[in-house]
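Below is one structure, written out as structure tokens; the observations come after it.
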Amino acid sequence: MQAELGVLMLTAMGIACLHTVTGPDHYIPFIALSKSRGWSFTKTIGWTLLCGCGHVWSSVILALGGAAVGWSLSKVSWLENVRGGMAGWALVGFGLAYSIWGLIKAKKGSRHKHFDVYDNGSIYVYEHRHGQAVAPKERHAVTPWVMFLIFVLGPCEPMIPLLYFPAAKNSFEGMTLLIIIYTIFTLATMLVMVTLGYYGFAYFNSQKLEKYVHAFAGFTILTCGAGMVFLDW
């Protein structure tokens, strides 16, 4: 279990950082709000952490549903010798399906959240497709608590299958460690990006990669599962 857990930890780190960096909505709104409202650095970081925790823990709650399935399988005696293999194949299947779905989503230009920041400091959020114009009536003003709600209602889906494997292995410690790792790296990446923006440093332009984030996450999970199944990671 230690080898598999190490692979899952690296996967969780990669997904947490990738999901955050390639999603400008994870840091640009905080930078804009801090500038428009004259927030101190401490207050900016505080709101970033609060919204980040809401984002992470809504993901964890959904992931625990998948983990419950794996935990149930761990109690079935005749699955004792194959449940680990089944969990590995589940990661392969989910990763493949998620990659394909992500590519289709990117090609179709599916709707996603977008933030507009105006010179007067006003911030609006809306959903659109890349290159699609949106009427002002479809926009909603962003406040700190609206931002928190957006993050809570927008979980990171790739986190869900990662807890299935340690659950199938009946490893509560493994599940806890993955949740901690995922939380730390998500929040740390958000803080780095917000700090860079707050002090005026240019951040990585991820707009072109943003639409491929689901495909990237799916491929990462697929690689993790394939390594476990075929390479005995």
Exercise. Across the range 102-122, which residue is nearest to residue 24 (Cα to Cα) among those that are surrounded by 14 or more Cβ atoms within 10 Å (Cβ to Cβ) and at pLDDT 70 or above?
Worked result: 106
Exercise. In the range 187-201, which residues are assigned to a loop (DSSP other than H, G, I, E, B) and either among the hydroxyl-bearing types (Ser, Thr, Tyr) or within 17 Å of the chain's Cα centre (by Cα) (or both)?
Worked result: 199
Exercise. Do you know which of the residues in the range 40-75 that are at pLDDT 90 or above and among the aromatic types (Phe, Trp, Tyr) is farthest from the chain's Cα centre (by Cα)?
Worked result: 41
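Report whether or not residue 169 is modelled with pLDDT under 80, over 23 Å from residue 55 (Cα atoms) and exposed (fewer than 14 other Cβ atoms within 10 Å of the Cβ). First the steps, then the outcome.
Working: modelled with pLDDT under 80: yes; over 23 Å from residue 55 (Cα atoms): yes; exposed (fewer than 14 other Cβ atoms within 10 Å of the Cβ): no.
Against the criterion (modelled with pLDDT under 80, over 23 Å from residue 55 (Cα atoms) and exposed (fewer than 14 other Cβ atoms within 10 Å of the Cβ)), residue 169 does not qualify.
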Exercise. Which members of the range 24-60 meet the condition of being touching a helix residue (DSSP H, G or I) at 6+ places or on another chain (Cβ under 6 Å), assigned to a loop (DSSP other than H, G, I, E, B) and surrounded by fewer than 21 Cβ atoms within 10 Å (Cβ to Cβ)?
Worked result: none
Exercise. For the range 30-65, what are the residues that are more than 30 Å from residue 94 (Cα to Cα), of a type in the set (Gly, Ala, Ser) and in contact (Cβ under 8 Å) with a residue 60 or more places away in the chain?
Worked result: 32, 34, 36
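The values are calculated or read from the model by the stated rules, or taken from the named source; none is laboratory data. Please read these numbers as outputs of a predicted model, since none were measured by experiment. When we count neighbours, we look across all protein chains shown, and the Cβ atoms used for this are built from the backbone with ideal geometry, even at glycine.
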